[in-house]
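Worksheet for the structure shown next.
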Amino acid sequence: MMNVRQALVDSLEAAGAGLRALPTASPSLPLIAQLLDSGAVDEEAFLEQVAVRLGLGFVANPQPDAAEAPELKRLVPPRVALRHRLLPLKLLSAENEPRKVSVACFDPFDLLAHQALAREVDASVRLVLVPRKRLLAAMRDFYGIGADTFEELLKGRDVDGADLEQRDEANVIDADDEEASVVKFVNTVIREALEQQATDIHVEPMEDKLRMRYRIDGRLREVPVPENIKALQQSVIARLKVMAKLDIAERRLPQDGRINLQVGGQFIDVRVATIPSVEGESVSLRLLGQQRFNLDRLRIESDLRAEIEALLKKPNGIVLVTGPTGSGKSTTLYTFLSQLNTEHRRIVTIEDPVENKLPGVVQIAVRPEINLTFATGLRSILRGDPNVVMIGEMRDLETAEIAIRAALTGHLVFSTLHTNDALGGIMRLIDMGVEPFLVSSSVRAFIAQRLVRVLCTECRQTDPDARARLLDLQYDGPLELPVYRAKEGGCEACRSTGYRGRMSIYELVRLTPAMGELITQRASSAQLYQQAYRDGYRPMREYGVRKILAGLTTIDEVISVTVAESEQ
C-alpha cells in the first residue's frame, strides 16, 4: 500500500481541495478524521479519490443486504462495528467457498480497525469506502441505537430487571457510567433523542418486539433498536422508572414522574408517564429543554405582532389562546409571560403540569389528590397580590368565573381553551355557563394557533403546481417569489424528511365594543364572523399563505392543519 500522506495529497489534488487542506499530523486524531472535521474538503469527492488510489470500492449510500443481515451481524458484531466505525454490506462468497464479506469504512488507514477485523471476523474482508456521515447513519439503522451496550446487557443479566435498585442519584447521562449496561443503553436512547431534537420518546411493548419512537417536528418516527431487545423489556422500563423515582413494583396502575438530566452542562427536564397495557407498561417521555422564550422565535408577522404587543400592554383582561393538544399553546403563553416578566410585575401561574420553569415567575402545579385544582389554586393566587396570572387551561365554569373576576378587578389573565378556531372560544365559554355579558366585558382577545413544519432550506424544491393549489387556499394574488415544496426523501440536513423544525400560524379575534355588543345579544356565529372581518380579522389560512409565499412552509402543511371558511 502506498504512503498514507502521499495518497491523501494525491486525493486532495484530484478532489480540488489543494494541499492547504492537509492538516499537520496529530498523534491523537487520524489524518482522515481531521480532514473531514475541518470541512475543507468535499467528503464524497475526496473519499472517492482515496478509493481510486488505493484500489478500493466506493459506495455513496451504503445499504447492507437485508436478506443477509443476520449473518452479517454475526460476522461483524456491534461491539466491533460501532467501536471502529465499520459496516458489513454483503457476503461475497458462494456457499462452498471461503467466506468473504464486504465491509464499509471511511478511514482505510485505521490500524486498530484492521487489527479488529483480523482478530474478530471469521472471513476475509474487502474494504469499501463511504462518506462518514452516511456510514454512521447506516450503522445506526442496521444495528439499532445502543447496540454495542445491548450486547453487554444480554450477558449474565436478569432480564426481569429484579437486580435494579432505587437510588437517589444525579442523572448525568453524558458522564462515564461504570454501572450496568442497561443504564448505558437507556442513556444512549435519551441522548440520541436530544441530538435529533425530538420532543417525545415513546417506549411501547408489542407482542413480538419493544418499539421505540421519537416525535420529531410533530411526527412520530420509529427508531431502530437491537433485534433481541424484547427479552430485556422489563429491564429497560424498570430503569426509566428508577430514573423518574416511580414504583418499579407497581405495573398495574398508571404513574407519573419527572427526570432531571444534565447533558453537556445543560439541564433538561423530562416528564415521564407510564400506562399499563396488555403487552406490558408503555412509557412516554416528554423532553423539556431549558429554552428561552421571546417573540422573535415565534416568527409572528409584523402586523399581528403589533396587535399582540398592544394586548400585552393592557392593564387587565383575559387573553385566551385556543387550539388542539400539541398546537404550541403553552409555548406561546410562556413567550407572553417572558415578555412581561420584569421586576415591576408579580407573575403567578397554575399549570397541569409545569412544563418549563421561568426565572422570577411563581409557578404552581395542580395536584387533584390534595384538592389543589385550578379553581382552588386560583383563589389562593388572587390573595397573593399578582399583576399577571396564567391558568394552564380553563376546564370548568368555576375556573372561568374566578378568572373573569380576576380580570374585572385589575389583573391581566392568560389561559388556554380547546377549540378549533379563535371565534369558537366565545361559544365555548358560553357553553360552559359563563354569562355573555361577562365574556364581552372581561375577554380582550382570542388567539388560535396551529403548528406547521418549516421547509429545509438545503433541499426545498420549487412547486410547479403552486398556482393551482393556492386556489384551494382561496389565494389568487400575484406570485412575486417562488413557492416551494418539500423534496421527497429530503437530505442529510433534515434527516430525509424535507423539513427542519416547526413554527406557529395564527388568527386573532379582538373583542371590540361592537363585537361585545353582539356577544351580549347572543348573536349567531355568522354575525360574529361578519363583525370580526369588519374589525380586521384574518383567518388562519390567510396567515398560512403568507408563510408559504415567504418560502417558510408548504401548501400541504397549511392545508393539513387548517379548514376552509365554508367548513367552519
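The values are calculated or read from the model by the stated rules, or taken from the named source; none is laboratory data. As the structure is a computational prediction, the values presented were derived from the model and not from experiment. Neighbour counts are summed over all protein chains in view; Cβ atoms, including those assigned to glycine, are modelled from backbone coordinates with ideal geometry. Areas reflect the complete protein model, heavy atoms only, side chains present, ligands, DNA and RNA absent. Shrake-Rupley method; radii C 1.70, N 1.55, O 1.52, S 1.80 Å.
Key figures
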read-out: Angle between the chain longest axis and helix 181-195 axis [Cα atoms, degrees, rounded to 10]; value: 60 degrees
read-out: FRET efficiency estimate (nearest 0.05) - Cβ-Cβ, Asn294 to Gln196, R0 30 angstrom; value: 0.80
read-out: For the chain, calculated [θ]222 nm from helices alone, where every DSSP H run of n ≥ 4 adds -39500 (n - 2.57); value: -10000 deg cm²/dmol
read-out: Estimated FRET transfer efficiency when R0 is 41 angstrom, pair Val52-Arg221 (beta carbons, to 0.05); value: 0.65
read-out: Pair Ser93, Glu343: separation of 7 Å Cα→Cβ label points (nm); value: 7.7 nm
read-out: Total formal charge among the other residues, if their Cβ is under 15 angstrom from that of Thr322, Lys/Arg +1 and Asp/Glu -1; value: +2
read-out: Mean accessible surface per residue for region 461-514, computed with a 1.4 Å probe while every protein chain stays in place, in Å²; value: 56 Å²
read-out: Pairwise label distance in nanometres, Glu68 with Thr520, each label 7 Å out on the Cα-Cβ vector; value: 8.2 nm
read-out: Relative contact order (%) - criterion: Cα under 8 Å, at least six apart; region: region 511-568; value: 25 percent
read-out: The chain: relative contact order as a whole-number percent, Cα under 8 Å and 6+ apart; value: 8 percent
read-out: Antiparallel bridges, percent of DSSP beta bridges restricted to the chain (to nearest 5); value: 60 percent
read-out: Nearest-ten-degree value, helix 43-54 long axis tilted from longest Cα axis of the chain; value: 10 degrees
read-out: The chain: angle of helix 132-143 to the longest principal axis, Cα-based, in degrees nearest 10; value: 80 degrees
read-out: Convex hull of Cα atoms in region 403-457, direction-averaged projection (nm²); value: 5.0 nm²
read-out: P(r) histogram, all alpha-carbon pairs of region 372-446 included - 10 Å bins from 0, percent; value: 19, 58, 22, 1
read-out: Two-site label geometry, Ala310 and Leu471: point separation in nm, points 7 Å out along Cα→Cβ; value: 3.6 nm
read-out: Cross-link pairs beyond the 20 Å C-alpha cut-off, checked among Lys313/Lys547; Lys184/Lys245; Lys100/Lys133; Lys487/Lys547; Lys329/Lys487; value: Lys313/Lys547; Lys100/Lys133; Lys329/Lys487
read-out: Amide proton proximity set for Lys487, modelled H, under 5 Å, gap of 5+; value: Gln461
read-out: Cα Rg over Rh - region 231-371, Kirkwood; value: 1.05
read-out: Kirkwood Rh in Å, taken over the chain so that all alpha-carbon pairs contribute; value: 27.6 Å
read-out: Per-selection metrics, region 40-103 (Cα): Rg and Dmax in Å; value: 13.7, 46
read-out: Accessible surface ranking that places the most exposed of Glu307, Glu97 first, with a 1.4 angstrom probe; value: Glu97, Glu307
read-out: Probe 1.4 Å, protein heavy atoms only - accessible area per residue of region 202-311 in square angstrom; value: 49 Å²
read-out: Karplus (6.51, -1.76, 1.60) ³J(HN,Hα), θ = phi - 60°, over region 72-83, in Hz, Gly and Pro reported as x; value: 5, 5, 6, 5, 10, x, x, 5, 7, 4, 6, 6
read-out: Region 385-500: relative contact order as a whole-number percent, Cα under 8 Å and 6+ apart; value: 20 percent
read-out: Equivalent ellipsoid semi-axes - Cα gyration tensor, region 456-568, angstrom; value: 35, 14, 11
read-out: Residues of region 324-349 with amide N under 18 Å of a point placed 7 Å along Cα→Cβ from Asp385; value: 342-349
read-out: Rounded to the nearest 10 Å², the accessible area of Lys230 at probe 1.4 Å; value: 60 Å²
read-out: Residue order for Glu207, Glu279 - accessible surface, 1.4 angstrom probe, largest first; value: Glu207, Glu279
read-out: Carbon and sulfur %, accessible surface of the chain computed with the full protein complex present, 1.4 Å; value: 47 percent
read-out: √(5λ) per eigenvalue of the Cα gyration tensor, region 224-286, largest first, Å; value: 21, 16, 9
read-out: Cα-based Rg and Dmax for region 401-511, where Dmax is the largest Cα-Cα distance (Å); value: 20.5, 56
